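To start, the structure itself, in structure tokens.
Laboratory data are not the source of any read-out in this text; all were calculated from the coordinates shown. Source: prediction; values computed, not measured. Every residue, glycine among them, receives a Cβ derived from its backbone with ideal geometry; neighbour counts consider all protein chains shown.
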Amino acid sequence: MTHSPSDAVTRDYAYYRHIFSGRRLPLAFIDLDLLDANAAQLSQQAQPLPMRLATKSLRCVTVLRYLLKEFPSFSGLMAYSAAEAAFLAEQGFDDLLLGYPTMESSEILPCLDWIRRGRWIAFMVDDVRQVELLEALATRGEPLTIPVCVDLDMSMDLPGLRFGVFRSPIQSIEQAEPLLVALAKAPHLQLQGLMGYEAQLAGIADATPKSGLYNRIIRLLKSWSQRQAFARRQAFASELRQRSYPLRLVNGGGTGSVGRTKRDSSVTELTVGSGLYAPALFDHYKEFHYQPAAGFALSVVRQAGPGIYACAGGGYVASGPTHADKQPEPYLPPGMTLIKTLGSGEVQTSLQSPVPLELGDPVFLRHAKAGELFERFNEVYLVRRGAIEQIVKTYRGEGACFF
Ligand SMILES: Cc1ncc(COP(=O)(O)O)c(C=O)c1O
């Protein structure tokens with residue numbers, strides 16, 4: 001199958017309303033035409049590098065399988081917990097990079113069994129204590145080699161400002177020495193990967209409406225930070241290669257930095273997830289625009305005044321600093337807004353709509369983030385060309401809740 005961004009069709013209220021007519025609300029959906037368009041656009045942007053799928057941003061086994069099958073540019077998964085990696089191995093997936101460290105022995109042990117059975121599951125490390133735990137657990141069963149990946153912190157420190165996240169304590173090869181010594185003393189572990197996730201490039205919008213000065217500052221910080229981050233990752237990777245570590249991958253990026261990160265010559269693969277669903281937090285970047293491929297529908301249950309409607313459910317707030325941008329984004333009909341003093345509520349969400357609505361009508365919203373939406377729904381409607389193609393389980397629907 002070939003997919004191109006031109007497969008995208010204009011979406012309006014009537015389009016989704018017709019598709020979901022008669023269905024129980026709330027419901028969550030993925031528009032497969034738009035998902036395809038996003039996957040094709042990401043593939044173009046990432047070229048020539050392969051992309052690893054960030055499972056936290058997708059949280060649906062059917063979608064993971066679909067993307068890996070249909071788009072050759074996707075290869076391997078970045079899991080977010082060891083329990084999840086074992087769950088995915090059980091489902092038949094291979095090439096699983098754990099994007100975050102874990103200290104849960106009960107979750108690590110099943111992964112070690114999968115490694116013994118031939119799957120590639122790599123653990124993220126940035127601390128001697130994580131290495132020691134993995135080594136101790138490795139001695140409990142049949143011999144094996146556990147692949148590990150070092151998490152290199154890519155933040156930029158400026159006077160009074162950390163531009164980035166607090167991810168790993170390692171920003172240089174000198175800071176990694178104790179870890180490398182611990183790895184040398186751990187015969188069951190092998191360093192096979194390096195990851196440097198430049199969250200400050202990938203996760204900060206730089207084309208926020210009505211914020212001209214702010215956007216200019218962010219873009220300036222991004223280009224400074226990019227130079228520093230690339231130099232840091234290149235130096236670290238080349239030092240590891242000189243020391244003959246069998247590096248299978250150097251991973252970087254996220255949806256927000258695909259086009260930038262691929263220009264770092266040390267990077268062998270990118271990670272992406274959010275850009276496939278394109279949630280609201282990814283609406284305002286200068287370098288790309290993806291199609292809103294995931295959303296949810298609520299039912300209007302009362303009218304509190306002229307143009308003010310309450311819907312059942314909807315309080316699906318995203319993680320992160322608790323600003324208004326973590327709330328769902330009213331989508332269709334166009335022009336709807338949340339009521340500032342109420343936000344999206346635990347059992348009902350009030351909306352102001354310029355378009356008159358009837359009780360029982362659906363309204364459509366988008367989550368601020370990508371995979372988190374599916375922690376609220378057991379199933380998701382997959383729609384294509386104006387019709388429901390399939391209703392499939394989310395992670396939650398599979399009983400797979402990892403945090
Ligand atoms: C290590 C790592 N890589 C990449 C990503 C980017 O994922 P996404 O494309 O969903 O923004 C994340 C997201 O937090 C991450 O933690």
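General observations
- Taken one residue at a time, the phi angles of segment 379-387 give Karplus couplings (6.51, -1.76, 1.60, θ = phi - 60°) of 9, 9, 7, 9, 10, 8, 6, x, 9 Hz. Gly and Pro are set to x.
- A dipole drawn for the chain from +1 and -1 charges on Cβ atoms has a positive end, and of G99, V128, A89 the residue lying farthest that way is G99.
- q = 0.10 Å⁻¹: log10 I(q)/I(0) that the Debye formula gives for the chain, counting C-alpha atoms only: -0.70
- Segment 154-179 versus segment 13-71: alpha-carbon centroid distance in Å: 34 Å
- Segment 297-333-segment 181-199 distance, computed between alpha-carbon centres (Å): 44 Å
- Long-range HN-HN contacts of Q348 with modeled amide H, under 5 Å: G313
- Proximal aspartates and glutamates relative to K56, as straight alpha-carbon distance under 13 Å, when same-chain residues fewer than 8 apart are discounted: E84, E372, E375
- Within straight-line reach of K210, meaning a Cα separation under 20 Å, sit the following lysines at least 8 residues removed in sequence or on another chain: K222, K286, K326, K340.
- Converting phi to 3J(HN,Hα) with the Karplus coefficients 6.51, -1.76 and 1.60 and the offset θ = phi - 60°, segment 228-244 yields 5, 5, 5, 4, 5, 5, 5, 5, 5, 5, 5, 5, 4, 5, 4, 7, 6 Hz in sequence order, with x at every glycine or proline.
- Ordered by the count of other Cβ atoms within 10 Å of each Cβ, fewest first, D153, D325 give D325, D153.
- A cut-off of 5 Å between modelled amide H atoms, ignoring neighbours fewer than 5 places along the same chain, links A294 with D31.
- Taking the Cα centre of the chain as origin and assigning +1 to Lys and Arg Cβ atoms and -1 to Asp and Glu Cβ atoms, the resulting dipole is close to 620 debye.
- Mean separation of Cα pairs under 8 Å and 6 or more residues apart, divided by the residue count, gives segment 47-277 a relative contact order of 20 percent.
- Residues S353, S344, ranked from the fewest to the most other C-beta atoms within 10 Å, line up as S353, S344.
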